[in-house]
Amino acid sequence: MTSQTLATKRNAQAGWVLLTIVGLAFVLAGAPAATAQKVSTSAGKSRYATLDGARMQYKSYGKGREALVLIHGWTCNLDYWQDQVPDFAKRNRVIALDLPGHGQSDKPELAYSMDLFARAVDAVMRDAKVERAVLVGHSMGTPIARQFYRKYPQKTLAIVIVDGGLRPFGDKKMRDGFVAAFRAPNYKEAGMQMFAGMAGPQLPAETQERIKTSFLNTPQHVLVSAMEGMNDDLIYGPDKINVPVLAILAKSPFWPADTEQFFHSIAPNLDFHMWEGVGHFLMMEKPQQFNEAVIVFLNKNSLLK
């Protein structure tokens, strides 16, 4: 093998690892507790909001004009929060939704921008008669929550960042390369190879299949367009988030050394945590610890009371 080939291989491997941070739904995820799964999947009744003629599924737990709104990541769905709903719903109203193009929501061929997703969250809130919310955004859900705040600041009580970024990762050439890989005819194979290389020996087979199925059930036009939207430099401006923010990130060498400082520059009222020993889906790997951290944050800021 030539030195050039080795270098190419190393760059590709580094790129695949880096992409986990920006929201791929095939990163290390802990196995959900069986009891929590039964409670969360049976308790909420599916409802549908409409945006531009397309239906979006969501589930509502509890009552009230304020709620904790759970926003999943790229190629995911509302079931990724099944370990959070039971604990959160004991305290306050909870809304979990399938973003357009994901889960049981409609999947029309259109531009899946962060602005579209933010409008979708607003449409769900209006249908559920929720006036203000604490937005919990996992991975791609982070720029969605930030875009929602830009458009609807009066409706945003706070934001919880779950291993998501406030600035793009890597350079544009690298990110465009990832989009091209998922635009290719063999995108499913590329995704499965990536997942197999990142799953790790500790990821239970059941969870691997659930994440794999979620990815495979996402149409190619959706995952490509959503990744393009997530990579748009224009959504990562220097404008401030002037509501309380909780950030919980998985410790990784691919987070820049100044990540906490940068987050503070965007969100002055910030609680920042970097967890060790977890992957990108940290709320699934350590659900109890995650739920407790969010509830402490809500209590500290007297939110959803």
Gain on full stretching of the segment that runs from Asn217 to Lys251 - 0.36 nm per residue minus C-alpha separation
9.3 nm
With the Cα gyration tensor of segment 73-192 giving a ≥ b ≥ c as the square roots of its eigenvalues, does the rule (a/c under 1.5 for rounded; else a/b larger than b/c for prolate; else oblate) give rounded, prolate or oblate?
prolate
Nearest 0.05, what FRET efficiency do Met192 and Lys240 give at R0 = 45 Å with Cβ-Cβ as r?
0.65
Euclidean distance of C-alpha centroids, segment 226-305 and segment 102-146, integer Å:
18
Residues of segment 158-305: accessible area per residue at 1.4 Å, in Å²?
47
Efficiency of FRET from Cβ geometry, Glu209 and Leu110, R₀ 25 Å, rounded to 0.05:
0.25
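The values are calculated or read from the model by the stated rules, or taken from the named source; none is laboratory data. All of these numbers come straight from a predicted model, not from anything done at the bench. Quick reminder, even Gly has a Cβ in these numbers, built from the backbone with ideal geometry, and neighbours come from all protein chains shown. The accessibility values were calculated without ligands, DNA or RNA, using every heavy atom of the protein model including side chains. Shrake-Rupley method; radii C 1.70, N 1.55, O 1.52, S 1.80 Å.
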